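Each remark here refers to the structure printed beneath this line.
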Amino acid sequence: MNQRVIPLADERLLRQLPKIPRELTAPTGRLLDSRGRPLRDLRISVTDRCNFRCVYCMPKAVFDKDYAFLPRESLLSFEEITRVARLFAAHGVSKIRLTGGEPLLRRNLEQLIAQLAAIPGIEVTLTTNGVLLPKKAAALKAAGLKRVTVSLDSLDDTVFRAMNDMDVPVADVLKGIDAATAAGLGPIKINMVVKRGLNDHEILPLARHFRGSGHILRFIEFMDVGSSNGWRMDDVVPSAEVVRRIHAEFPLEPVDPNYTGEVAERWRYQDGGGEIGVISSVTQAFCSTCTRARLSTEGRLYTCLFAQSGHDLRTLLRSGHSDAELSAAIGQVWQGRGDRYSEIRTAETAALRKIEMSYIGG
Ligand code: SAM
């Protein structure tokens, strides 16, 4: 096959084999990293494939027909994912978010959801572009999925089709949101990534559309994830500006966080039209309260969204280690975690070769 060699493939080879500690201490559920941050959330990427080619995430120029997506056998099986999730739960994880790529492209995802939802103390959520929700929302809910977050970057059909670069109409996503609402997967969060000059003129139309709907619209600063999106600081619309623009039309007031470490800063319409959130990963880094670990499609554990390499759990999973050994290895990785990328971001770090979002999971 004529497969183009591109740097992303090399990047994926950067992996470290976690060490099995000599002493296997039992998990306490109160694991802390080197900066005192607990482990609470696990994001699991179930596929590196997507039915969109969003220009800022999986640009067609890189993710084209010659792109070498992961072969089936390198993906973690549902049993492997569930086993890892159980070990993470024992270390203190209470929330699992399935992502990708587009997670709804993974066949029989409901089965995985049912397996994960059966782990005591675990809540399962999912982030999707929404297009497959009309087909799948009811089955996902029945399997035990709690909520969905739907990504939607514009309501303007022309802008939206150009941004997903697959000519998918915005109406398909709106139908997905309706299907998720009808299935009881709410309150639904709608995530809009804002990139200056591309879709920032859509901030107000989205705010108008979702005001009073019961859905929570959240604005995410465009981030320097991966190495293929050509990120520049000038492209970032700071959350403070987003709030200012909305406040000028619909007065807002701040709301207390639901819990310590909540990623989105909450605001509500003063007239009772509901709430919005802003996620300021660039202008107001929240590394100091980050409790998230990420498991890639092929079983690498990443302790930061901006990581350059991951810890190869799949090799351990497939070489006959016991749960106690795996658990201790995971514990040791977390205890050694010192990541705080967003706090130390500079133009130089932004240019570093990092793991793509579609691979590590958004
Ligand atoms: N396919 C699913 C979806 O569309 O939501 C899940 C995966 S996608 C990578 C998860 C989220 O990451 C989406 O909301 C997407 O907009 C966001 N995202 C991708 N690249 C980003 C970037 N450079 N900065 C901020 N958010 C980004």
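Overview of values
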{"item": "Accessible-area order (highest first, 1.4 angstrom probe) of the listed residues ILE188, ILE122", "result": "ILE122, ILE188"}
{"item": "Positive minus negative residues near LEU109 (Lys, Arg vs Asp, Glu; Cβ under 11 Å)", "result": "+1"}
{"item": "The chain - charge dipole about Cα centre, Lys and Arg +1 at Cβ, Asp and Glu -1, debye rounded to 20", "result": "800 debye"}
{"item": "Euclidean distance of C-alpha centroids, segment 164-192 and segment 287-362, integer Å", "result": "29 Å"}
{"item": "Residue-by-residue Karplus 3J(HN,Hα) for segment 276-285, coefficients 6.51, -1.76, 1.60, Hz, glycine and proline x", "result": "10, x, 10, 10, 9, 5, 9, 7, 9, 4"}
{"item": "5 angstrom amide H check on SER280, placed H, neighbours 5+ away", "result": "GLU265"}
{"item": "Interatomic Cα distance distribution for segment 196-252, bins of 10 angstrom, percent", "result": "20, 49, 24, 7"}
{"item": "³J(HN,Hα) computed for each position of segment 349-362 - Karplus, 6.51 cos²θ - 1.76 cosθ + 1.60, integer Hz, glycine/proline x", "result": "5, 4, 8, 5, 7, 10, 6, 5, 5, 5, 8, 7, x, x"}
{"item": "Per-residue [θ]222 nm for the chain (sum of -39500 (n - 2.57) over DSSP H runs n ≥ 4, rounded to 500)", "result": "-8500 deg cm²/dmol"}
{"item": "Apportionment of accessible area to carbon and sulfur, the chain, percent (1.4 Å)", "result": "52 percent"}
{"item": "Ranking by accessible area, most exposed first, for HIS91, HIS247 with a 1.4 Å probe", "result": "HIS247, HIS91"}
{"item": "Sequence-distant residues sharing a close amide H with LYS195 (under 5 Å, placed H)", "result": "ASP200"}
{"item": "Overall form of segment 144-193 per C-alpha gyration tensor (a/c, 1.5; a/b vs b/c)", "result": "prolate"}
{"item": "Spherically averaged projected area in nm², based on the convex hull that wraps the Cα atoms of the chain", "result": "17.4 nm²"}
{"item": "Neighbour net charge for ALA171 - beta-carbon separation under 13 angstrom, K R +1, D E -1", "result": "-3"}
{"item": "Pairs beyond 31 Å (Cα-Cα), from LYS65/LYS195; LYS135/LYS189; LYS60/LYS189; LYS141/LYS354", "result": "LYS141/LYS354"}
{"item": "For the chain, accessible area per residue (1.4 Å probe, heavy atoms of protein chains only), Å²", "result": "43 Å²"}
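The values are calculated or read from the model by the stated rules, or taken from the named source; none is laboratory data. Nothing here was measured: the structure is a model prediction, and the numbers come from that model. Positions of Cβ are generated from backbone atoms using ideal geometry, with glycine treated the same way; all protein chains shown enter the neighbour counts. Note: accessible area is taken over every heavy atom of the protein model, side chains too, but ligands, DNA and RNA are not part of it. Shrake-Rupley method; radii C 1.70, N 1.55, O 1.52, S 1.80 Å.
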